[in-house]
Amino acid sequence: MAIRDILIIPDKRLRLKSEPVKAIDAEVRTLVADMFETMYAAPGIGLAAIQIGVPTRVVTMDLAGKEEAPQPQVFINPEIVSSSDEKSVYEEGCLSIPEYYEEVERPEKIKVTYLDLDGKTHEIEADGLLATCLQHEIDHLNGVLFLDHISKLKRDMVVKKFTKAAKKGVAPSLAKDKEPSHHIG
Ligand code: GNR
Ligand code: NI
């Protein structure tokens, strides 16, 4: 097992469409183990394989609270088969966009099919945090980021800061109060 590097925007690989898993073999099991190790270390509640540079349709998740026993979940080739007309808003973050959080509106309930590590097909109905997180992760498999669901003004600001920081090789500063003020004082 290994902790792998998480890709950060504007890394172009985050825009790839990931390929379905064809066979659940040793390579896929190693990928899943590394994804859990990387996700727990980050820490994050979900991870798509492309976030560690592997363009394969695999998602790991653990929505257990801090005081609860771990609840690791794996979704292979997940597909949204239906979505409610009702929407809900949730403040999202992403390990590929560190320290940026914004409200995102998505369908409140979804039905998802996926394979588990034994290759067994499941169909679940998800709501709440599970629905939000599954939509966020399935977006990653399609090269979509939560930034794509917010206003262009906010998206452009965030992409600009991360692009500048990547060029300088430093961490981006997103906090408004970190900008020097020329008008006050
Ligand atoms: O750790 C994560 N938290 C989170 C919070 C709200 C909505 C979605 C997420 S997923 C994110 C980890 C991540 O980037 N997964 O792709
Ligand atoms: Ni993410």
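Report, in degrees rounded to the nearest 10, the 0 to 90 angle that the Cα long axis of helix 152-168 makes with the longest principal axis of the chain.
Once rounded, one gets 80 degrees.
What list of ³J(HN,Hα) values in whole Hz, one per residue of the stretch 97-111 in order, does the Karplus curve 6.51 cos²θ - 1.76 cosθ + 1.60 (θ = phi - 60°) give from phi, with Gly and Pro shown as x?
So the J values, rounded to whole Hz, are 9, x, 6, 10, 10, 8, 6, 10, 9, 9, x, 6, 10, 9, 10.
Suppose R0 equals 25 Å. What FRET efficiency, 1/(1 + (r/R0)^6) with r the Cβ-Cβ distance, do K22 and K111 give to the nearest 0.05?
So, using R0 = 25 Å, E works out to roughly 0.55.
Please work out the average accessible area per residue across the chain, using the 1.4 Å probe convention, and give it in Å².
Here the residues of the chain average 59 Å² of exposed surface.
Using modelled backbone amide H atoms (1.01 Å from N, in-plane), which distant-in-sequence or interchain residues come within less than 5 Å of E102's amide H?
E92
Could you compute the longest span of the chain free of trypsin sites (Lys or Arg not before Pro) located in DSSP loops and having at most 13 other Cβ atoms within 10 Å, not counting the site residues?
Value returned for the longest uninterrupted segment is 121-185.
Of the beta bridges DSSP finds with both residues in the chain, what % are antiparallel, to the nearest 5?
95 percent
Apply the a/c threshold of 1.5 to the C-alpha gyration tensor of the chain and tell me whether it is rounded, prolate or oblate.
prolate
Please list the non-local residues whose amide H lies under 5 Å from the amide H of A64, H modeled 1.01 Å from N, same-chain partners needing a gap of 5 or more.
The answer is Q71.
Let me have the relative contact order for the stretch 6-74, percent, based on Cα pairs under 8 Å that are six or more residues apart.
32 percent
Can you give me the relative contact order of the chain as a percent, contacts being Cα pairs under 8 Å and 6 or more apart?
21 percent
When all alpha-carbon pairs of the stretch 1-108 are counted, what percent fall beyond 25 Å?
24 percent
Mind giving me the FRET efficiency for V144 and E67? R0 is 45 Å, r the Cβ-Cβ distance, nearest 0.05 is fine.
0.85
Ordered by residue, what ³J(HN,Hα) values in Hz, to whole numbers, does the stretch 4-13 give under the Karplus form 6.51 cos²θ - 1.76 cosθ + 1.60, where θ = phi - 60° and Gly and Pro are x?
Calculated HN-Hα couplings, in order: 10, 5, 8, 5, 10, 4, x, 4, 5, 4 Hz.
Carbon and sulfur together cover what percent of the accessible area of the stretch 1-113 at a 1.4 Å probe radius?
Heavy-atom surface of the stretch 1-113 belonging to carbon and sulfur, 1.4 Å probe: 50 percent.
For the stretch 65-129, which chymotrypsin sites (Phe, Trp or Tyr not before Pro) are in a loop by DSSP, counting at most 12 other Cβ atoms within 10 Å?
Y101
Rounded to the nearest 20 Debye, what is the dipole magnitude of the stretch 106-152 about its Cα centre when Lys and Arg each give +1 and Asp and Glu each give -1 at the C-beta?
That gives a dipole near 180 debye.
The values are calculated or read from the model by the stated rules, or taken from the named source; none is laboratory data. Bear in mind the structure is a predicted one, so any value in this text is a computation, not a measurement. Heads up, the Cβs are rebuilt from the backbone with ideal geometry, glycines too, and the neighbour counts pull from every protein chain shown. Ligands, DNA and RNA are excluded from the accessible area calculation, which covers all protein heavy atoms including side chains. Shrake-Rupley method; radii C 1.70, N 1.55, O 1.52, S 1.80 Å.
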